[in-house]
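This report refers to the structure that appears directly beneath it.
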Amino acid sequence: MENRKSKITLYDIGAIGLMAAFVFIATFFFKIKIPTPGGSTMVKLGNGICLLCGTLLGGWRGGLAAGIGCALFDLTDPEYAPTAYITFIRYFIMAGLCGFIAHWHGANGRKTGRNLAATIIGAFTYSGMYIGEKIIGMMIVGSAFVPAVVGNAASIISSLTNAVVGVIVAMLLTPALRKAFQSTAFARRMEHSASK
């Protein structure tokens with residue numbers, strides 16, 4: 001019986017680091033910050049790049065890249081820094097779920113219909129977690145449900161906007177970047193090490 005162990009290679013680390021930097025840059029420079037009663041929220045390009053991490057790198061690699069990139073962004077802002085670990089978890093789940101679906105059964109992010117389903121599920125799973133956290137947070141401190149929803153209306157709208165924009169961005173960028181990425185020796189070596 002063959003003993004198959006999954007190892008993290010230098011190629012994995014390189015791909016995760018590169019995409020984490022891409023996520024950080026997209027989130028840092030391409031955002032609109034919106035103050036709300038429940039704390040600031042943002043409309044940003046970063047969610048689309050997080051979904052792109054999943055379609056290009058797969059589940060755990062894409063999840064780590066998205067989580068690390070977004071958590072690093074949070075650490076640059078005193079308002080978000082205390083919850084950077086929560087950001088890591090949410091974005092890891094979002095991109096990891098997207099990547100798992102996009103790469104399931106050897107699809108490797110090459111099937112447009114599968115990628116569309118993966119990005120929609122990943123994006124709206126993230127939105128559900130984010131919106132739920134905001135509403136529950138206000139209810140814990142004494143708000144009723146309806147006022148908590150109303151108080152977080154801007155956050156809800158921005159989260160759903162980020163989900164839709166994220167899906168569009170990921171679906172537009174995935175084919176071109178996948179083709180470019182697959183043409184490199186780096187990608188072939190990464191895939192070869194993953195299949196061992």
query = Would you call residue 25 out of contact with any strand residue (DSSP E or B) (no Cβ under 9 Å at 6 or more places or on another chain) and either surrounded by fewer than 23 Cβ atoms within 10 Å (Cβ to Cβ) or without any contact (Cβ under 8 Å) to a residue 60 or more places away in the chain (or both)?
reply = yes
note = Of the residues in the stretch 126-143 that are open to solvent by less than 60 Å² (accessible area, probe 1.4 Å) and farther than 18 Å from residue 161 by Cα, the one that is farthest from the chain's Cα centre (by Cα) is 143
request  = Collect the residues in the stretch 102-125 that are open to solvent by 30 Å² or more (accessible area, probe 1.4 Å), assigned to a helix (DSSP H, G or I) and of a type outside the set (S, T, N, Q), keeping them in residue-number order.
outcome  = 103, 104, 105, 106, 113, 114, 116, 117, 120, 121, 124
ask   = Going by the structure shown, is residue 51 open to solvent by 10 Å² or more (accessible area, probe 1.4 Å) and part of a helix (DSSP H, G or I)?
value = no
key: the stretch 56-82 residues that are at positive phi, paired with ones that are open to solvent by less than 30 Å² (accessible area, probe 1.4 Å) and not polar (S, T, N, Q) (beta carbon under 6 Å, 6 or more apart)   = 58/99
task = Among the numbered conditions (1) crowded, with 22+ Cβ neighbours inside 10 Å; (2) polar (S, T, N, Q); (3) farther than 21 Å from residue 26 by Cα, tell me where residue 155 comes up short.
result = (3)
request  = Take residue 94 and decide whether it is part of a strand (DSSP E or B) and farther than 19 Å from residue 8 by Cβ.
outcome  = no
note = When restricted to 71, 84, 66, the only residue open to solvent by less than 50 Å² (accessible area, probe 1.4 Å), touching a Gly at 6+ places or on another chain (Cβ under 8 Å) and either in a helix (DSSP H, G or I) or closer than 20 Å to residue 163 by Cα (or both) is 66
inquiry  = Of all residues being more than 11 Å from residue 70 (Cβ to Cβ) and of a type in the set (Val, Ile, Thr) in the stretch 17-41, which is modelled with the highest pLDDT? Just the residue, please.
reply    = 25
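The values are calculated or read from the model by the stated rules, or taken from the named source; none is laboratory data. Everything quoted here is computed from the prediction, not taken from an experiment. Here the Cβ is made from the backbone with ideal geometry for all residues, glycine too, and neighbour counts use every protein chain on show. Each accessible area value is taken on the protein alone, full model and side chains, heavy atoms only, with ligands, DNA and RNA left out. Shrake-Rupley method; radii C 1.70, N 1.55, O 1.52, S 1.80 Å.
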